[in-house]
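Scroll down for the structure; my scribbles are underneath it.
The values are calculated or read from the model by the stated rules, or taken from the named source; none is laboratory data. The shown structure was predicted, so the numbers you read here are calculated from the model rather than taken from an experiment. Cβ atoms come from the backbone with ideal geometry, glycine included; neighbour counts cover every protein chain shown. All accessible areas refer to the heavy atoms of the entire protein, side chains included, with ligands and DNA or RNA removed. Shrake-Rupley method; radii C 1.70, N 1.55, O 1.52, S 1.80 Å.
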Amino acid sequence: MKTNYKLIVFDWDGTLMDSECKIVNCIAAAAADCGVPDPGPAASRNIIGLGLTEAMRLLFPSLNQEKHDEITERYRQHFLQHDQTAALLFPGVAEGLQSLSQRGYLLAVATGKSRRGLQRVLDETNIGHLFAATRCADETFSKPHPKMLEDILAFTGMTPDQALMVGDTVYDMQMAQNARMARLAVSYGVHKREQLLEHMPLACVNSFPEVCAWFN
């Protein structure tokens, strides 16, 4: 069954990159800049994976769109320019992606990051050349809407049954379900194993080397 998959679509934050602390810190800094209460680490972790527009609506439900836009812009400035919190690839990611590519799998990314944010980390990590396609939340609908996956399938010429989504949040699992795609969950990201298992992934693994080993 595993050999039938030709395309592997990865989430970015929490699946390929350990960026949780940086995101949480930038949300707190943006809230402080705009004079609104910090929603706290637990709430901030929970929205990782969503597009910024959707994330801000959930984190600050009582604020109007103008204030959401202000916080979003401050978040971007902190994330791209000011915050120095380290955000590194999880152990085994660079080597694992290279191995999967060499074995003939097409690789892609579907992320809640903006195009600008994704391009920056692709350049910094030097792994952008491994991906046949990438899709970002500011280019289409946020997770769990299936449009990012549908766009990647169309671009690569694959059908849903030829593709597998790998992610660490229920938003990834729901997006794949909505796109009629199989899914593999990872437990080392932001959402708990119990939450992920509710969405019937093929498996829930504990490290990126285990992701790669799953395809053996």
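Averaging over all projection directions, find the projected area of the Cα convex hull of the stretch 24-150 and quote it in nm² with one decimal place.
Numbers: hull surface 33.5 nm².
Answer in nm², one decimal: 8.4.
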How large is the accessible surface per residue of the chain, computed with a 1.4 Å probe and reported in Å² as a whole number? 45 Å²
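Taking Cα atoms of the chain, Rg/Rh with Kirkwood Rh, to two decimals?
Numbers: Rg = 16.6 Å, Rh = 17.3 Å.
That ratio equals 0.96.
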Under 5 Å from the placed amide H of VAL205, counting only residues 5+ away or on other chains, we find ALA185, VAL186, SER187
Centroid-to-centroid separation of the stretch 3-56 and the stretch 177-204 [C-alpha atoms, Å]: 17 Å
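Using the alpha carbon gyration tensor of the stretch 136-188, what are the three equivalent-ellipsoid semi-axes (square root of 5 times each eigenvalue), largest first, in whole Å?
Values: eigenvalues 55, 39, 15 Å².
Sorted largest first and rounded, they come to 17, 14, 9 Å.
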Sorted by chain and then number, the residues having a modelled amide H within less than 5 Å of the amide H of MET17, at least 5 places away or on another chain, are PHE90
Can you work out the Karplus-derived ³J(HN,Hα) for every residue in the stretch 68-78? Use 6.51 cos²θ - 1.76 cosθ + 1.60 with θ = phi - 60°, whole Hz, and x for glycine or proline. 4, 5, 5, 5, 4, 5, 5, 4, 4, 5, 5
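Can you give me the % of accessible surface on the chain that is carbon or sulfur? Probe 1.4 Å, all protein chains present, nothing else counted. Intermediate results must be reported in sequence, preceding the final value.
Working: 4910 of 9650 Å².
Solvent-exposed carbon and sulfur of the chain make up 51 percent of the total.
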Mind checking which aspartates and glutamates have their Cα closer than 17 Å to the Cα of LYS6? Skip sequence neighbours fewer than 8 apart in that chain. GLU150, ASP151, ASP161
Across the stretch 94-159, what fraction of all alpha-carbon pairs, as a whole percent, falls in each successive 10 Å bin from zero upward? 21, 49, 29, 1
Size of charge dipole - the chain - debye, nearest 20, with Cβ of Lys, Arg +1 and Asp, Glu -1, no other charges: 440 debye
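Restricting to Cα pairs below 8 Å that are 6+ residues apart, what does the relative contact order work out to for the chain? Please round to a whole percent.
So the answer I get is 26 percent.
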The ³J(HN,Hα) series, computed from each phi in the stretch 162-175 with the Karplus coefficients 6.51, -1.76 and 1.60 at θ = phi - 60°, rounded to the nearest Hz and given as x for glycine or proline, is 8, 10, 9, 9, 10, x, 10, 10, 5, 5, 5, 5, 5, 4
